[in-house]
């Protein structure tokens, strides 16, 4: 789990022993489509304590900068500089994101690096702010692995195969367009059905994201509503 940055969850109710390293727990919930997204990293082992402490502090400091009119790339630059001057690396190709009703990734990104030509924060927007950082020997980026364990509906077309069409309707009724994993369905062949839906483009998959040099990755995340007088954290 050390080098896995995001998008992994067990496909079955297996018990996985965690002895040493960094374990990311990323949780999303919604009420009537209004989403809260949050994550923490649990460290086991002395060499992992500092990166977790730093990651949490940088997240909180970045959130304090969230005001209407602020450039997203400016906050990204603050995150990047804070990480690098502490002797670590930011994961450059992972970012936070704007959220909307039933839409986990609603278009705008909240970068963890400086971007000169970036958009401004607007009053009332909701962001998931989530710096990912790694050790100095890491590459500072991630790639999509061969395993996919998280999916979401991408097309809601009617299917000729009744079994597939019924399962598609089950997904829509339970989760709408929000992400899901096969483990949540009490259906013996759920994985096979979802793979079939994936092959015909009805669902899309989110590949497990892995640090390119296999270095450990830490992540902390909060959901923030942009208010006139500053950020309102809904997941603290």
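Each value in this text was obtained by applying a stated rule to the coordinates, not by laboratory testing. Because the structure is a prediction, the values reported are computed rather than measured. So basically every Cβ, Gly included, is an ideal-geometry build from the backbone, and we count neighbours across all protein chains shown.
For the reader, a short list of remarks on this structure follows.
- 0 to 90° range, to nearest 10: angle between helix 162-175 axis and the chain longest Cα axis: 40
- Taking all Cα-Cα distances within segment 70-112, those exceeding 11 Å account for 66%.
- Contact order normalised by residue count of the chain, Cα under 8 Å, 6+ apart, percent: 30
- Chain lengthening between residue 191 and residue 233 when straightened (0.36 nm per residue, less Cα-Cα): 11.6 nm
- Computed FRET value (nearest 0.05) for residue 120 with residue 204, which takes r as the C-beta separation and R₀ as 25 Å: 0.25
- Computed E for residue 67/residue 34 - FRET, C-beta separation, R0 25 angstrom, nearest 0.05: 0.70
- In the chain, the longest principal axis of the Cα atoms and the axis of helix 190-199 are about 80 degrees apart.
- Residue-averaged [θ]222 nm for the chain, counting only DSSP H segments that reach four residues, each worth -39500 (n - 2.57): -7000 deg cm²/dmol
- Residues 151, 34, 175 arranged by fewest to most Cβ contacts within 10 Å: 34, 175, 151
- If the chain linking residue 156 and residue 81 were pulled fully straight, counting 0.36 nm for each residue of separation and taking away their Cα-Cα distance, it would gain 22.7 nm.
- Model label sites at residue 9 and residue 177, defined 7 Å from Cα along the beta-carbon direction, differ in position by 1.9 nm.
- Helix 72-84 axis, angle to the chain major axis (alpha carbon atoms, nearest 10°): 70
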